[in-house]
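Notes follow once the structure below has been shown.
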Amino acid sequence: MKEYALFLGCLIPARLPHIEAISVKVLDKLGIKTKDIVNASCCPDPVVMKSLDFHSWLAIAARNLSLAEETGADILTLCSGCFSTLSKANHLLKHNAELKGEVNKLLSEINRSFSGKINVKHVVEIIRDIGKETIEQQVKKPLKQLKVASHPGCHLVRPSNILHVDDPNTPTIQDEIVSWVGAEPVNYALKMLCCGVGIKMVDPEANLSLLREKLANLKETEANCIVTSCPFCFMQFDKEQREVSRKFGESYTFPVFYITELLGLALGFSPEEVGLHLHTTPVKEV
Amino acid sequence: MSKKRDPKFRKEILSTPGGETIQHCYQCGSCTGGCPTSFYTNFRVRKVIHQSLLGLRDDVLSGNDIWMCTVCFTCQERCPTGVEVTDLMLALRNLATKEGYAPAPLKNVFKALFETGHEFPFTGYTRKLRRELGLSETPPLTISSPKALEEVQKLMKMGGVSHLLKSSEMKK
């Protein structure tokens, strides 16, 4: 059984713990064990913290990587923000000796060091790598009624010189998984349009306009739900649809799934175990 | 009206992490063309890069434009000359932060991280929800370890913008 060091981050354990719970259960069923990274902090996030101070962003990321290195396992993360930060920091420190020296000098103040011996993986690529055959064998309830619009999100695939999960412009990784659980992937023009969450704090109006552009495009398709593998995108779609509907006098009620929730349902976990009752946008007829 | 130019600005950007590739820009505008916020705001990535190359330091660092980037990396992926456009916007934000121009909501995130080790602190509701889901109330993260928090705080203080911490340290 393959074992990974689970990097929890902040948003999932503090605001969306049902995603943490179902992800661990689904992974276990698919033969993937996870262990804690004790004393890990915020990754820190690749939008706010990296904007304010690159150096403390990198130092804190390096501390987290060094804690994971101690477990001897590669990192598995459920959050695309954490994935972006830890992948970029790991890449920089592995390939830039000068930067590694500077960071290790800082880390020595807290008796830690970065050595560069592990890799960072996103849960969606781990699921993809488990493969069609294994997953199809485990499916108890094929999700035939779902026509799924996949929102991969920016930080799963970009920048493609650092992240090598899938094509940065036309990723199909989530669509593949959707089809393995018996649901129908639906393609749409604005698949790679950003959900807008990155400017929510500075321009809430533009943030909602961006989300509306995406939702309006989805409404033109056959899709009856959305799947994503980023908790920030998940929150944006699940919670802000109501706000978009109100602001623009339109109606958007797409149920939103995090990728392991979809797998959880297909593998036979109950809607309650998956945490569907904790969603803001109601999920019916599953 | 001619604006004040700072001839050293280009060098300053080039030596800021993320700003190393700015000189590859030949102003084609692919970045603005693909920018999701350019449809809804006055933010024009190409213009910010041009202003920066012209040395219009005050305009760039004190303005709102650089904060309108969603960090989606569409421009960086498309740039035909390899400008790391998104990383460049973040480099400009780092310089603006040093000058005291960071927007307040972002500074609050910085403080939350300093005070708890996490950007989304654990509340009573979080703990209740986690218990109901069969998870440990507080996972073994920085949130549960004063020693781990001390380590994170030490690293943040050694960073370049410890002035952002002053108000939160005073509270203690």
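The values are calculated or read from the model by the stated rules, or taken from the named source; none is laboratory data. Predicted model, so just to flag it, every value in this text is computed and none were measured. Please note: Cβ atoms are built from the backbone with ideal geometry, for glycine as well, and neighbour counts cover all protein chains shown.
With respect to (1) in a helix (DSSP H, G or I); (2) at the interface with chain B (Cβ under 8 Å from one of its Cβ atoms); (3) surrounded by 24 or more Cβ atoms within 10 Å (Cβ to Cβ), the lone exception for A:His55 is condition (3). Entry remark, the range A:27-43: residues being facing chain B (nearest Cβ under 7 Å), crowded, with 24+ Cβ neighbours inside 10 Å and in a loop (DSSP other than H, G, I, E, B) number 2 in total. Scanning the range A:166-223 for residues that are more than 9 Å from every other protein chain (Cβ to nearest Cβ), surrounded by fewer than 19 Cβ atoms within 10 Å (Cβ to Cβ) and assigned to a helix (DSSP H, G or I) gives A:Glu176, A:Ser179, A:Pro204, A:Ala216, A:Asn217, A:Lys219. Residues that are in a loop (DSSP other than H, G, I, E, B) and more than 14 Å from A:Ser115 (Cβ to Cβ) within the range A:58-72 are absent altogether. When the residues of the range B:149-170 are filtered to those that are surrounded by fewer than 14 Cβ atoms within 10 Å (Cβ to Cβ) and of a type in the set (Lys, Arg), the one that is farthest from the other protein chains (Cβ to nearest Cβ) is B:Lys166.
Okay, residues lined up against (1) under 25 Å from B:Thr123 (Cβ atoms); (2) in contact with an Asp or Glu (Cβ under 8 Å, 6 or more places away or on another chain); (3) assigned by TED's automatic domain parsing to the domain that holds A:Val157:
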site	(1), (2), (3)
A:Leu8	yes, yes, no
A:Leu11	yes, yes, no
A:Ala14	yes, no, no
A:Glu20	yes, no, no
A:Val24	yes, no, no
A:Ile32	no, yes, no
A:His55	no, no, no
A:Leu86	no, no, no
A:Leu92	no, no, no
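Here B:Pro146 does not fit the description of being surrounded by 15 or more Cβ atoms within 10 Å (Cβ to Cβ), over 30 Å from B:Tyr26 (Cβ atoms), modelled with pLDDT of 95 or more and not acidic (Asp, Glu).
The residue of the range A:61-79 that is surrounded by the most Cβ atoms within 10 Å (Cβ to Cβ), among those that are over 20 Å from the mean Cα position of the chain (by Cα) and of a type in the set (A, V, I, L, M), is A:Ala62. Of all the criteria given as (1) in a loop (DSSP other than H, G, I, E, B); (2) within 9 Å of chain B (Cβ to nearest Cβ); (3) buried (at least 21 other Cβ atoms within 10 Å of the Cβ), the one not satisfied by A:Leu163 is (2). Scanning the range A:65-84 finds no residues that are more than 27 Å from A:Glu272 (Cα to Cα) and within 7 Å of another protein chain (Cβ to nearest Cβ). Could you list, in sequence order, the residues of the range A:233-263 that are surrounded by fewer than 23 Cβ atoms within 10 Å (Cβ to Cβ), touching a residue at least 60 places away in the same chain (Cβ under 8 Å) and not aliphatic (A, V, I, L, M)? Residue satisfying the conditions is A:Phe254 alone.
Only one of A:Glu125, A:Glu184 is under 28 Å from A:Tyr4 (Cβ atoms), in contact (Cβ under 8 Å) with a residue 24 or more places away in the chain and not β-branched (Val, Ile, Thr); which? Answer to the selection: A:Glu125. Could you tell me whether the range B:15-23 includes any residue that is in contact (Cβ under 8 Å) with a residue 40 or more places away in the chain, loosely packed, with under 15 Cβ neighbours inside 10 Å, within 14 Å of chain A (Cβ to nearest Cβ) and out of contact with any strand residue (DSSP E or B) (no Cβ under 6 Å at 6 or more places or on another chain)? No, there is no match, as no residue in the range B:15-23 is in contact (Cβ under 8 Å) with a residue 40 or more places away in the chain, loosely packed, with under 15 Cβ neighbours inside 10 Å, within 14 Å of chain A (Cβ to nearest Cβ) and out of contact with any strand residue (DSSP E or B) (no Cβ under 6 Å at 6 or more places or on another chain).
Within the range A:142-199, the set of residues being aromatic (Phe, Trp, Tyr) and touching a strand residue (DSSP E or B) at 6+ places or on another chain (Cβ under 8 Å) comprises A:Tyr188 only. In summary, B:Tyr125 fulfils each of the numbered conditions (1) more than 7 Å from every other protein chain (Cβ to nearest Cβ); (2) modelled with pLDDT of 95 or more with the single exception of condition (2). Going by the conditions given, is B:Pro105 surrounded by fewer than 17 Cβ atoms within 10 Å (Cβ to Cβ), closer than 22 Å to A:Leu210 by Cα and not basic (Lys, Arg)? For B:Pro105, the condition - surrounded by fewer than 17 Cβ atoms within 10 Å (Cβ to Cβ), closer than 22 Å to A:Leu210 by Cα and not basic (Lys, Arg) - is met. In the set B:Asp65, B:Asp59, B:Asp87, only one residue is acidic (Asp, Glu), touching a helix residue (DSSP H, G or I) at 6+ places or on another chain (Cβ under 6 Å), over 18 Å from A:Lys200 (Cα atoms) and not assigned by TED's automatic domain parsing to the domain that holds B:Leu164; that residue is B:Asp59.
Here the helices (runs of 4 or more DSSP H) wholly within the range B:53-172 that include at least 2 residues being among the aliphatic types (A, V, I, L, M) are B:57-62, B:85-98, B:104-116, B:146-158.
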